[in-house]
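Working notes for the structure below.
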Amino acid sequence: SAMPQEREPNPAMTASDRPIGFGRVQRKEDPRFIRGKGRYLDDIVLPGMLHGAMLRSPVAHARLVSIDTTEALAHPKVLAVITGKDLEGLNLAWAPTLSADVMAILATDKVRFQGQEVAFVVAEDRYSARDALELIDVEYEDLPPVVDARRALDPGAPVIRDDKEGQTDNHIFDWEAGDKAETDAVFARADVVVRQEMVYPRVHPAPMETCGAIADYDPVDGKLTLYETTQAPHAHRTLYAMVAGIPEHKIRVIAPDIGGGFGNKVGIYPGYVCAVVGSILTGRPVKWVEDRSENLMSTAFARDYTMTGEIAATRDGRILAVRTHVLADHGAFNATAQPTKYPAGFFSIFTGSYDLQAAHCSVTGVYTNKAPGGVAYACSFRVTEAVYLVERMVDVLAKELEMDPAELRLRNFIRPEQFPYKNKTGWEYDSGDYEPALRMAMELIDYEGLRREQAEKRARGELMGIGVSFFTETVGAGPRKHMDIVGLGMADGAEVRVHPTGKAVVRLSVQTQGQGHETTFAQIVAEELGIPPEDIEVVHGDTDQTPFGLGTYGSRSTPVSGGAVALAARKVQEKARLIAAAMLETRPEDLEWEKGRWYVKGDPSAGKTIAEIALGAHGTVALPEGVDGNLDAEVTYDPPNLTFPFGAYICAVDVDPGTGKVHVRRFTAVDDCGTRINPMIVEGQIHGGLADGVGMALMEFIGFDEQGNCLGGSFMDYLIPTAMEVPDWETGYTVTPSPHHPIGAKGIGESATVGSPPAVVNAVVDALAPFGVTHMDMPCTPARVWEAMQGRPTPP
Ligand code: MCN
Ligand code: CUN
């Protein structure tokens, strides 16, 4: 079917006339959320349910001398206390991570970060479980911690992972992309080379709902039902089967409503495994839900990249090459969630939106005494770090060349006729048209006017800055021949069933956490079959009811599962044609499709609607040879490539010269995610991501002291932006469809989080230009800004 084109909303058309890309199809999930009728994990109460609580290490690095659980076990409401020793007996003390490492479920030998899981109590209620934690007596023998990644490889640094055979230091991996020799040669002959060190600090996705699980093991039929806050129910089920040895058909993972995931809910946490063991031991369901501090201190963090960037250019502003070295802090266990071949995620797209002659990056991963994670928080598998690096570097170059940063970008964009564009590190950008997006952003915010205003303010001694960033992402992993997670190829299944009365159900392998899949996937089917979105039920989050697939992260639901759904619906449409031909006593070739109906070419009055055909399929119509009696189809979609959304962001800030406080006054975002299925949802995704970006740029920070104590373990210390700190977003869009995606859609879920931090930081640095400031590390807190104004950049 034809590529749906973006249209302006036409009030005369209803959602069912034009299900995709237009108007404001209301979210089907909102009636229950707005009424407080969502069903989140903690809302679920099973008969006889017990509660778990986790004892965590108070120190960052220590030998575990002994654990005494006698007193806790004597607590009248405690049913079980599980330690690493107990798990060892079950071969579950250690588990494989998503990055070919192992991680402790409960510590056996040492603790390796503050907040690490040490023992699990199962009790009649949550309060007793928590009280009993204090009755467990653990003796630790302190070891010196490794807190600063830059010291991790020092000779003599304490070895964190002495559990691993042959591991004599804190080194995890070295990885590179691009051609080093070619890049060095371009650098050697370039007129201008600029270099900047920068830190993308450790931050945390901090979803509104923390992580949790309810394990319900039925000893009679051996079936484990596991309710989980998970972004990837099928992958979890398979991993439990592989690791715990429970047969896969005896595991059912159910993801209820999820209050935000943002990458925090991709992995399997020790608490989930302990809940399972607790349920098997007690024969009763066990619920475990972490609190806010546990979430911030122990679950998947994001970033923590220390980067050295260099950019080579001609004097007149032609960018020739970029090279970078990165030190990646992965914490105590390498548990980052990413395709196997990509230990640094998709960081190698640090070439950005520019047509370069050469590029090279090398990444060294190290262990530190901090919580594991690394790939989370709307990161598009490290595209966040890549975009930050290149967009900061371009600004550093603009400063050196005394060129306008928008102008410098415009001069260096990959041109529309160059797509599909093969970049210097091996990505094939599917489509793009960059200049119109940046020009639109400049127009929307009145870039020239802002620059004039800035000049006037500077003349008066006021501090105002304007920051530009332009990003290209790579989202929608597969294809599976190149991409897998622990050996599971990155494809997704979808199943469409049209019921006898013409209503439909679509079953997905991906998992919404607030993105609105119940609405948008219904819209895709509606577009293909002409069934109104409200007549289509979207089922997800239950491995017993949905086809296999790798789940939601890396903004892959629309690129991968969206493709699966569109193709499954098209299969249904083709099947409907065969059945309609039988019903109309004509040949399938003589039929023509219009939204929701097959009719006889040249005789539009002779036709059958999808509902009539569905009834025919399930009814008494004599079906053609080889056509079975339903109107269903199933597809597993292995995408041919990723999709490459892009956008232009411009931000204006004012800085208080007395306090160093940054006020984001304006922010314009022009995004292009190809065909927009639901513009309202797309805009919501962008608003959320822009708030993330302002948060990271100005206030979010998981810091540690020298002992490895986590300094970001509560919302008193880990600051996230509220409506007070963000401006009214001004958005625009262009539409450059993906040429390979069935409906031309690209992912959007992480674009704004990826693209906005460099715009804010570029604006802050621009505001501080009168002080000679050329770079500042995030978060640009008042204290750091003030120090920078005194010529004392805060050491990272
Ligand atoms: N969409 C659309 N048209 C497009 C692209 C997307 O209408 N061209 C719609 C989709 O159909 C979907 C939503 O926008 O309803 C996001 O789609 P997509 O970009 O495919 O991203 P995913 O659905 O795979 O969501 C994952 C992405 C990630 S990885 C993080 S992290 C993040 C994000 O989504 N976590 C979120 N946005 C979030 N939003 C909410 N509310 N909660 C989270 O946890
Ligand atoms: Cu990187 S966070 Mo999202 O991919 O779930």
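The values are calculated or read from the model by the stated rules, or taken from the named source; none is laboratory data. What you are looking at is a predicted structure, and each value in this text was computed from that prediction instead of being measured. No Cβ is skipped: glycine too gets one built from the backbone with ideal geometry, and neighbour counts run over all protein chains shown. We work out accessible area using only protein heavy atoms, side chains counted, and drop any ligands, DNA or RNA first. Shrake-Rupley method; radii C 1.70, N 1.55, O 1.52, S 1.80 Å.
Are any residues in segment 145-158 free of Cβ contacts under 8 Å to residues at least 12 places away in the same chain and within 31 Å of the chain's Cα centre (by Cα), and if so, which ones? Within segment 145-158, Arg151 is the sole residue that qualifies. Against the numbered list (1) within 16 Å of ligand 2 (Cβ to nearest atom); (2) more than 30 Å from Val383 (Cα to Cα), Gly551 comes up short only at (2).
Pairs are defined by a Cβ separation below 6 Å, a sequence spacing of at least 6 or placement on different chains, a first member in segment 619-632 that is within 13 Å of Arg497 (Cβ to Cβ), and a second member that is at pLDDT 95 or above and open to solvent by 80 Å² or more (accessible area, probe 1.4 Å); the pairs so defined are Asp632/Arg497. Within the set Thr238, Thr225, Thr229, the sole residue that is of a type in the set (Ser, Thr, Tyr), within 16 Å of ligand 2 (Cβ to nearest atom) and modelled with pLDDT of 95 or more turns out to be Thr229.
Scanning segment 443-486 for residues that are among the β-branched types (Val, Ile, Thr), farther than 23 Å from Ala669 by Cβ and part of a loop (DSSP other than H, G, I, E, B) returns a single hit, Val486. Listed by first and then second residue, the pairs linking a residue in segment 52-79 that is open to solvent by less than 20 Å² (accessible area, probe 1.4 Å) to a residue that is part of a strand (DSSP E or B) and among the aromatic types (Phe, Trp, Tyr), with Cβ atoms under 6 Å apart and 6 or more places separating them unless they lie on different chains, are Gly52/Phe120; Gly52/Trp288; Met54/Phe120; Ala62/Tyr140.
When Gly271, Gly222, Gly245 are checked against the criterion of being outside the structural domain of Gly554 (by TED's automatic domain parsing) and either of a type in the set (Val, Ile, Thr) or in contact with a helix residue (DSSP H, G or I) (Cβ under 6 Å, 6 or more places away or on another chain) (or both), Gly222 stands alone in meeting it. Condition check for Pro721 on (1) touching a residue at least 60 places away in the same chain (Cβ under 8 Å); (2) within 28 Å of Ser555 (Cα to Cα): one failure, at (1). Among the residues of segment 699-724, the one identified as in contact with a helix residue (DSSP H, G or I) (Cβ under 7 Å, 6 or more places away or on another chain) and either among the charged types (D, E, K, R) or outside any loop (DSSP other than H, G, I, E, B) (or both) is Cys710. It is to be established whether one or more residues within segment 732-751 are within 16 Å of ligand 2 (Cβ to nearest atom), crowded, with 23+ Cβ neighbours inside 10 Å, under 21 Å from Pro679 (Cα atoms) and polar (S, T, N, Q). The answer is yes; a qualifying residue exists.
Among the residues of segment 368-402, those that are open to solvent by 10 Å² or more (accessible area, probe 1.4 Å) and among the acidic types (Asp, Glu) comprise Asp395, Glu400, Glu402.
Taken together, the residues in segment 159-210 that are at negative phi and free of Cβ contacts under 8 Å to residues at least 12 places away in the same chain amount to 7.
Taking first residues from segment 504-523 that are without any contact (Cβ under 8 Å) to a residue 40 or more places away in the chain and partners that are more than 6 Å from ligand 1 (Cβ to nearest atom) and assigned to a helix (DSSP H, G or I), the Cβ contacts under 8 Å between residues at least 6 apart in sequence or on separate chains come to Ala504/Val525; Ala504/Leu529; Ala504/Asp535.
If only residues of segment 211-230 that are among the small types (Gly, Ala, Ser) and farther than 17 Å from Asn295 by Cβ are counted, the one that is surrounded by the most Cβ atoms within 10 Å (Cβ to Cβ) is Ala215. Going through (1) under 17 Å from Gly260 (Cα atoms); (2) open to solvent by less than 10 Å² (accessible area, probe 1.4 Å) one by one, Ile319 falls short only on (1).
Counting the residues of segment 341-367 that are within 16 Å of ligand 2 (Cβ to nearest atom) and either at pLDDT below 95 or open to solvent by 10 Å² or more (accessible area, probe 1.4 Å) (or both) gives 2.
Residue-level check: of (1) closer than 18 Å to Ala652 by Cα; (2) open to solvent by less than 60 Å² (accessible area, probe 1.4 Å), Ile414 misses just (1). Evaluation of Thr472 against the conditions (1) closer than 30 Å to Asp446 by Cα; (2) surrounded by fewer than 24 Cβ atoms within 10 Å (Cβ to Cβ); (3) among the polar types (S, T, N, Q) shows that the sole unmet condition is (2).
Tyr217 satisfies every condition listed in (1) hydroxyl-bearing (Ser, Thr, Tyr); (2) more than 16 Å from ligand 2 (Cβ to nearest atom); (3) over 25 Å from Val118 (Cα atoms) except (3). Within segment 439-450, the set of residues being open to solvent by less than 50 Å² (accessible area, probe 1.4 Å) and more than 21 Å from Thr675 (Cβ to Cβ) comprises Met442, Ile445, Tyr447, Gly449, Leu450.
Of the residues that make up segment 506-518, is at least one closer than 26 Å to Pro247 by Cβ, outside any strand (DSSP E or B) and polar (S, T, N, Q)? Scanning segment 506-518, I find at least one residue that is closer than 26 Å to Pro247 by Cβ, outside any strand (DSSP E or B) and polar (S, T, N, Q), so the answer is yes. When Val243 is tested against (1) β-branched (Val, Ile, Thr); (2) within 22 Å of Ala119 (Cα to Cα); (3) assigned to a helix (DSSP H, G or I); (4) at pLDDT 95 or above, just one condition goes unmet, and that condition is (4). Could you tell me whether any residue of segment 259-280 is over 29 Å from Asp42 (Cα atoms), open to solvent by 10 Å² or more (accessible area, probe 1.4 Å), within 16 Å of ligand 2 (Cβ to nearest atom) and outside any helix (DSSP H, G or I)? Within segment 259-280, not a single residue is over 29 Å from Asp42 (Cα atoms), open to solvent by 10 Å² or more (accessible area, probe 1.4 Å), within 16 Å of ligand 2 (Cβ to nearest atom) and outside any helix (DSSP H, G or I).
What do you reckon, is Tyr388 assigned to a helix (DSSP H, G or I), within 16 Å of ligand 2 (Cβ to nearest atom) and of a type outside the set (A, V, I, L, M, F, W, C)?
Working: assigned to a helix (DSSP H, G or I): yes; within 16 Å of ligand 2 (Cβ to nearest atom): yes; of a type outside the set (A, V, I, L, M, F, W, C): yes.
So Tyr388 passes the test.
Taking segment 135-169 as the range and being hydrophobic (A, V, I, L, M, F, W, C) and closer than 18 Å to Asp101 by Cβ as the test, the residues that pass are Val146, Ala149, Ala152, Leu153, Val159, Ile160.
Could you look through segment 533-565, keep only residues that are among the small types (Gly, Ala, Ser) and more than 17 Å from Ala255 (Cβ to Cβ), and pick out the one that is surrounded by the most Cβ atoms within 10 Å (Cβ to Cβ)? Explain how you work it out, then say what you get.
Kept after step one, since they are among the small types (Gly, Ala, Ser), are these residues of segment 533-565: 541, 549, 551, 554-555, 557, 561-564.
Narrowing further to those that are more than 17 Å from Ala255 (Cβ to Cβ): 554-555, 562-564.
On the way: Gly554: 34, Ser555: 31, Gly562: 32, Gly563: 27, Ala564: 31.
Per the stated criteria, the residue is Gly554.
Of the helices (runs of 4 or more DSSP H) lying entirely inside segment 42-151, those containing at least 2 residues that are among the charged types (D, E, K, R) span 84-89, 126-133. Within segment 569-599, being under 16 Å from Ala504 (Cβ atoms), in a loop (DSSP other than H, G, I, E, B) and open to solvent by 40 Å² or more (accessible area, probe 1.4 Å) holds for one residue alone: Lys595.
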